[in-house]
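What follows is a short report on a single structure.
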Amino acid sequence: MVNFYAEPVASAKNSITGQNFDGLPRFQRAMDSTGNIIDRGDYRFALITFKEIFGGHSRTISNYWANYSLLPENFVLINKRDAKAYGLKDGDVVRLVSAASNGIIDLGNGASGRVEGKIKALEGIRPGTVAVSWHYGHWNAYGASGQMEIDGRRVVVDPRRGGGLCPNPVMELDRSASKTGLSDPISGSASFFDTRVKLRRFS
C-alpha cells in the first residue's frame, strides 16, 4: 500500500510555528526552525551519514575489539569521478569543513580533535556526495587520548579507539535556536542529511 496522504503527519503541529504539517509529499529546501532557508554557500559536497552493521550507535562499544578487527577506522566515502576531478586517491587524508566548523574541535583540556579521515573512492555513491559512518573517531571520553578519570580511576588510554573520524562537529547548526543542531521538525530528530562540506587535503 502507498499512502499519498499521511493523516498522522497532517494532524500534528509544528512545535515552533503552531501550524499543522502538510500531509502530502512536498519538496522544500533545508530550513532552520523559524523557516529561514539554510545558505549553502560554496560548499561543494552534501554530507550524509550511516551506521555500519556492527556499530549501531556512536556509543557502541560493548564488543569494541571485535568491531575493530573488522574495520579499524572509517573513511570519507566519495564517488570515483569526484575523486578523480579533485585529484584524490584512496588513502589521501582530508578534513571536512562546513559553515558550522572548520573541522577542528576544542576539547576543553588543552587538546583538540579533528574531523579528518582517509578517502575511499567507490561507484556506489552519488557524485557531489560524501558519506561518513558513525561510531568512530572517539576522543577523551572513550579513553582514546588524554587523561580521563571515572570515579577516581584513570581510564587506560588506547589510541585505537580514536581511529577514523566523527562527522558530528561539522553538522549544520540552527542559528535561530542558539546554535543547536539542525533538526527535522516532523520527526524531532537531528537532521543528518542537510549539511554541505568542503574537503581540505593533507596528503
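Read-outs: derived from the displayed coordinates by stated rules, not from any lab. A quick note: this is a predicted structure, and the numbers were derived from the prediction, not measured. With ideal geometry, Cβ positions are generated from the backbone for all residues, glycine too; neighbour counts draw on all protein chains shown.
Amide H to amide H, with H built 1.01 Å from N, Glu52 comes under 5 Å of Trp134, counting only residues 5 or more places away or on other chains. Charging the Cβ of each Asp and Glu at -1 and of each Lys and Arg at +1, and nothing else, the dipole of the chain about its Cα centre rounds to 600 debye. With neighbours defined as other Cβ atoms within 10 Å of a residue's Cβ, the residues Val94, Val2, Val197, Val9 order from fewest to most as Val2, Val9, Val94, Val197. Pairs of Cα atoms nearer than 8 Å and 6+ residues apart set the relative contact order; for the range 43-201 it is 34 percent. Counting neighbouring beta carbons within 10 Å and listing from fewest to most, the residues Lys120, Lys51, Lys179 come out as Lys179, Lys51, Lys120. Give the residues of the range 172-202 whose amide nitrogen is closer than 19 Å to a point set 7 Å from the Cα of Ser11 in the direction of its Cβ. It comes to 186-188, nothing else.
Take every DSSP beta bridge with both residues inside the range 43-201 and express the antiparallel ones as a percent of the total, to the nearest 5.
70 percent
Going by a ≥ b ≥ c, the root eigenvalues of the Cα gyration tensor, does the range 87-132 fall in the rounded group (a/c under 1.5), the prolate group (a/b larger than b/c) or the oblate group? Taking the square roots of the gyration eigenvalues as a ≥ b ≥ c, the range 87-132 is prolate. Here the 3J(HN,Hα) profile of the range 81-96, calculated from phi with Karplus coefficients 6.51, -1.76 and 1.60 at θ = phi - 60°, is 5, 5, 4, 5, 5, 9, x, 9, 9, 3, x, 5, 8, 10, 9, 7 Hz, Gly and Pro shown as x. Here the gap between Asp22 and Val2, fully extended at 0.36 nm per residue and compared with their Cα-Cα distance, gives a gain of 5.5 nm. When each of the peptides 38-46, 131-139, 159-167 is scored by how many other beta carbons lie within 10 Å of its residues on average, the order from highest to lowest is 131-139, 159-167, 38-46. Answer rounded, prolate or oblate for the range 22-101, using the Cα gyration tensor with square roots of eigenvalues a ≥ b ≥ c: rounded when a/c is under 1.5, else prolate when a/b is larger than b/c, else oblate. Taking the square roots of the gyration eigenvalues as a ≥ b ≥ c, the range 22-101 is oblate.
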